[in-house]
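The values are calculated or read from the model by the stated rules, or taken from the named source; none is laboratory data. Keep in mind that what you see is a predicted model, and the values were worked out from it rather than measured. When we count neighbours, we look across all protein chains shown, and the Cβ atoms used for this are built from the backbone with ideal geometry, even at glycine. Accessible surface areas use protein heavy atoms only, side chains included; no ligands, DNA or RNA. Shrake-Rupley method; radii C 1.70, N 1.55, O 1.52, S 1.80 Å.
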Amino acid sequence: MGRYHRGMTDTTLRPTTPSTGTTRVKRGLAEMLKGGVIMDVVTAEQARIAEDAGAVAVMALERVPADIRAQGGVARMSDPDLIDQIVASVSIPVMAKARIGHIVEAQVLQALGVDYIDESEVLSPADYANHIDKWPFTTPFVCGATNLGEALRRITEGAAMIRSKGEAGTGDVSEATKHIRTITGEIRALSAKSPDELYVAAKELQAPYELVTEVARTGALPVVLFTAGGVATPADAALMMQLGADGVFVGSGIFKSGDPATRAAAIVRATAQFDDPAAIADASRGLGEAMVGINVADLPAPHRLAQRGW
Amino acid sequence: MLRSLGAEVVPVRRPADLDGVAGLVIPGGESTVIDKLTRMLGLAVPLRERISAGMPVLGTCAGLILLSDRLADARPDQQTLGGLDVLTRRNAFGGQNESFEADLRVPELGSRPVHAAFIRAPVVEEPGEAVQVLAALPDGRAVAVEQGALLGLSFHPEVTGEPRFHERFLAHVRAA
């Protein structure tokens, strides 16, 4: 509870005590990030560069996905000291990753005071059957999804924000394109169905009927939808926005490039002006080397992170 | 929210978008980012001119920060548009785990309390003499202030579906 709760003296306010961790404030923070770029950082110095470049939030982790991919081994939650240093170094929200199904890593991240927890396929899964029950947490969660059914299952478990997965650490935007198109296309298809067809749609999506009917009625997820996984250039980021994303996560694409500060600012600008090709052209000049990248088609199936999560 | 109250709404992303706009909403978001983008897109100077010429503005959360003349706990290079004679403290409650919903008494809006969502919210600590405090926390810190046609809120009335501040803003626009 915040200072407001402890300092409360006015009896007229008592019937509705201030409440933290509500669905509205969890989903609300993601609303405030719309139109923005969330950047992966591995040091406090990188976090400051990201904030200076105009990131709406940073994702604190020990290794960017490209290094996790290159070095292999089990990828886990970051060191608490590293997260503390990053939280202390910026004024924007800080997110951090927990392994899929790792309830205790998520509890630790909440205790550390991060602003958002990413239950992420980029780390090695801790549970191959269940995701975390996210409702009991005060800290909101973002989860990855490759299709609408997966997104709705995560929302049912309490996710307050969804990001399409893409294929992290590749610099190849093709999977991100596929996943955002799949999710938005399935939403459009759902909206076109008659009410009596939604029962079977819910069965096929493996998602609760009430949530399916809500999405069919509103034509949108009930939470913010960002995109991730392979975004490396300003044009990539603008593409995601034109395809209907509310904002963009950029992982390895910034700090694996030749001039991270300039590229980060350029991606922020292209995300804000995603419908203005002249501005994107301007933002794309003089950025130096992009990250080298891996074509997803060359990745053997067991190395595809997007297939983690169910 | 504004559309449901009968207003015509357009996004402002470039200076030309400001032509023909009678009032402005500066929404929630990260104030550091809005500051950078308004400068990068050449909006900061024309916005300051319009604000000092009396354009009604509703600023919520980050928007309140942008409207404030003075900031506490800001980045050293952070700038504002200004207009409200207040000192505003960023992230005054802490991180997201301290974000909360609460009822506020706002006598100017009638007896029914305002249900408000505070998300990594700022507060107003030193309102100047020309500033009217519309709502305060029980500890006295102001969370809704008005100076002329400028309305600044720490919280998000749109998140809880509260229309009365937007109605008040539209009344300023009609009167301008």
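Surface composition of the stretch B:3-175: carbon and sulfur atoms hold 50% of the protein heavy-atom accessible area at a 1.4 Å probe. Close Lys pairs in the protein assembly as shown (alpha-carbon distance under 17 Å; sequence gap of 8 or more, or different chains): 8.
Residues within the reach of a label modelled at A:R188 (point 7 angstrom out along Cα to beta-carbon, backbone nitrogen below 19 Å), restricted to the stretch A:196-238, are A:215-222, A:225-227, A:238.
For the residues A:V122, A:V296, A:V74, a GNM of chain A with alpha-carbon springs under 10 Å puts the largest fluctuation on A:V74. Net charge dipole, chain A: roughly 520 debye, given to the nearest 20, about the Cα centre with Cβ charges of +1 for Lys and Arg and -1 for Asp and Glu. Relative contact order for the stretch B:92-145: 31 percent, from Cα pairs under 8 Å spaced at least 6 residues apart, divided by residue count. Working from label points 7 Å from Cα in the Cα-to-Cβ sense, the A:A111 to A:T138 distance is 1.4 nm. Taking every DSSP helix (H) stretch of at least 4 residues in chain A, weighting each as -39,500 (n - 2.57) and dividing the sum by the residue count yields a mean residue ellipticity at 222 nm of -12000 deg cm²/dmol. Counting pairs of alpha carbon atoms under 8 Å apart in space and at least six apart in sequence, what relative contact order in percent does the stretch B:20-176 give? Dividing the mean separation by the residue count of the stretch B:20-176 yields 23 percent. Close amide H contacts of A:A75 (hydrogens built in the peptide plane, cut-off under 5 Å, sequence separation of 5 or more or a different chain): A:S124. Per-residue shielding of B:99-110, expressed as the average number of other chain Cβ atoms within 10 Å of the residue Cβ, stands at 5. Using the 1.4 Å probe convention, the accessible area of the protein assembly as shown works out to 39 Å² per residue with neighbouring protein chains retained.
For the pair A and B, the buried accessible area comes to roughly 3500 Å² in total, with a 1.4 Å probe and the value rounded to the nearest 100.
Result for chain A in a Gaussian network model with C-alpha springs under 10 Å: among A:K203, A:K26, A:K97, the largest mean-square fluctuation is at A:K203.
Using C-alpha pairs under 8 Å with a sequence gap of at least 6, the mean separation divided by the residue count of chain A gives a relative contact order of 18 percent. Placing +1 on each Lys and Arg Cβ and -1 on each Asp and Glu Cβ, with no other charges, gives chain B a dipole about its Cα centre of roughly 340 debye.
This model, with +1 at the C-beta of Lys and Arg and -1 at the C-beta of Asp and Glu, gives the stretch A:74-145 a dipole about its Cα centre of some 80 debye.
Per residue of B:113-123, other chain Cβ atoms within 10 Å of the residue Cβ number 4 on average. Along the axis of the charge dipole computed for the stretch B:3-175 (Cβ charges of +1 for Lys and Arg, -1 for Asp and Glu, origin at the Cα centre), the listed residues B:I34, B:T160, B:S68 are led at the positive end by B:I34. The modelled label-to-label distance for the pair A:A301/B:D17, using points 7 Å beyond Cα in the direction of Cβ, is 4.6 nm.
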